[in-house]
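Colleague: Pasting a structure here, questions to come.
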Amino acid sequence: MKRKQKTEIGKTVILESSGYSGADDIRHTEWDFPNHFRQEPLYPVLIEESLRSNVFRFKVAYCRYFYFSILTKGKIEYQHMGRTYVLDSHSMLITPSGCNYSFVSGLNGPYHKLVLELSGLHHSSICSALGLNKFQLIPLDNHDEVCQYFLSVRDTLARRDPGDIPGLLGGLYEFLVKISDLVGRQEKNPDLLSQALFLLESPLNPNLQIPEIASRLGISVSTLNRMFRERLNISPIHSQSFSTSVAKVKSRN
């Protein structure tokens with residue numbers, strides 16, 4: 001791979017595609033913070049925006065920063081510890097510092113990716129305390145909201161106004177707490193799945209609709225559907241139809 005070539009345009013660094021294996025466009029928006037600011041426990045380093053349509057393979061032996069990655073379109077297949085993670089426009093990938101991973105893109109067409117990079121004296125311990133210390137894929141019901149947050153960080157970094165720093169840090173901690181809550185809910189999914197199956201199969205509620213089941217569990221319909229497809233390879237509706245058919249057969253016998 002050729003060395004990255006940087007061209008300063010305003011307050012954004014554009015990495016020339018010829019120096020980054022044929023990317024359509026890659027931009028790093030960053031702020032060369034004052035030295036005293038770098039003593040903060042946690043802060044955003046940069047926002048990377050990349051647009052790529054060619055097949056591209058990338059491997060990292062040791063990840064220096066902490067990354068959050070989302071896509072506005074397309075798919076990317078990541079590999080970590082022998083497992084495959086497919087990032088799409090309905091999810092976010094958490095990549096803690098110190099881990100190794102690889103990815104291949106372009107197999108499913110072009111993609112547009114946004115990456116938020118974090119650093120700071122205590123970024124690892126803070127993210128560990130929030131349960132964000134492992135390589136993981138998080139389903140997002142508020143994907144557009146997260147995209148807007150990434151873009152707002154980009155615009156703030158581009159302005160390089162010291163007066164923005166308190167808001168930048170406050171917004172980051174608020175974002176991390178929200179993601180921590182999503183991670184906590186996802187870890188409860190096995191129990192949620194059991195509850196969903198119980199509601200679907202219960203003879204006491206034979207006409208219970210999918211939206212009502214999702215509401216009772218405190219999750220969205222899209223999260224319920226994704227949970228069934230990822231763990232059972234079937235949709236809740238098909239599961240409900242199957243349970244109804246089994247119940248009818250049992251009643252006849």
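The values are calculated or read from the model by the stated rules, or taken from the named source; none is laboratory data. Small disclaimer: the values here were computed from a predicted structure and weren't measured. Don't worry about glycine lacking a Cβ; one is built from the backbone with ideal geometry, like all the others, and counts go over all protein chains shown. What goes into the accessible areas is simple: the full protein's heavy atoms, side chains included, and nothing from ligands, DNA or RNA. Shrake-Rupley method; radii C 1.70, N 1.55, O 1.52, S 1.80 Å.
Colleague: Does residue 72 count as in contact with a strand residue (DSSP E or B) (Cβ under 8 Å, 6 or more places away or on another chain), open to solvent by 50 Å² or more (accessible area, probe 1.4 Å) and hydroxyl-bearing (Ser, Thr, Tyr)? Let's see the steps before the verdict.
Modeller: Working: in contact with a strand residue (DSSP E or B) (Cβ under 8 Å, 6 or more places away or on another chain): yes; open to solvent by 50 Å² or more (accessible area, probe 1.4 Å): yes; hydroxyl-bearing (Ser, Thr, Tyr): yes.
Against the criterion (in contact with a strand residue (DSSP E or B) (Cβ under 8 Å, 6 or more places away or on another chain), open to solvent by 50 Å² or more (accessible area, probe 1.4 Å) and hydroxyl-bearing (Ser, Thr, Tyr)), residue 72 qualifies.
Colleague: Six or more apart or on different chains, Cβ atoms under 7 Å: show the pairs whose first residue is in region 52-81 and at positive phi and whose second is part of a strand (DSSP E or B) and modelled with pLDDT of 90 or more.
Modeller: As it stands, the answer is 74/111; 74/112, since those pairs meet every condition given.
Colleague: Moving on to the next point. Could you figure out which of (1) out of contact with any Cys (no Cβ under 9 Å at 6 or more places or on another chain); (2) open to solvent by 20 Å² or more (accessible area, probe 1.4 Å) isn't true of residue 80?
Modeller: (1)
Condition check ((1) crowded, with 19+ Cβ neighbours inside 10 Å; (2) closer than 27 Å to residue 38 by Cβ) across all residues:
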residue: 89; (1), (2): no, no
residue: 109; (1), (2): no, no
residue: 114; (1), (2): yes, yes
residue: 118; (1), (2): yes, yes
residue: 123; (1), (2): yes, yes
residue: 147; (1), (2): no, no
residue: 152; (1), (2): no, yes
residue: 155; (1), (2): no, yes
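Colleague: Now, a different point. Is it the case, given these coordinates, that residue 97 is among the small types (Gly, Ala, Ser), in contact (Cβ under 8 Å) with a residue 24 or more places away in the chain and in a strand (DSSP E or B)? Please lay out each step first, then the result.
Modeller: Values: among the small types (Gly, Ala, Ser): yes; in contact (Cβ under 8 Å) with a residue 24 or more places away in the chain: yes; in a strand (DSSP E or B): no.
Here the answer is no, as residue 97 does not meet what is asked.
Colleague: Give me the residue from region 47-59 that is of a type in the set (A, V, I, L, M) and closer than 23 Å to residue 140 by Cβ and, out of that set, surrounded by the most Cβ atoms within 10 Å (Cβ to Cβ).
Modeller: Just the residues of region 47-59 that are of a type in the set (A, V, I, L, M), to begin with: 47, 51, 55.
Now restrict to residues that are closer than 23 Å to residue 140 by Cβ: 47, 51.
Details: 47: 23, 51: 17.
Ranking the candidates gives 47 first.
Colleague: Let me confirm something: among 174, 187, which residue is loosely packed, with under 15 Cβ neighbours inside 10 Å and at pLDDT 90 or above?
Modeller: 174
Colleague: Name every residue in region 125-143 that is open to solvent by less than 20 Å² (accessible area, probe 1.4 Å) and not in a helix (DSSP H, G or I), in order of residue number.
Modeller: Of everything in region 125-143, those that are open to solvent by less than 20 Å² (accessible area, probe 1.4 Å) and not in a helix (DSSP H, G or I) turn out to be 132, 135, 136, 138, 140.
Colleague: Can you find, within region 1-46, the residue that is surrounded by the fewest Cβ atoms within 10 Å (Cβ to Cβ) among those that are basic (Lys, Arg) and at pLDDT below 80?
Modeller: 3
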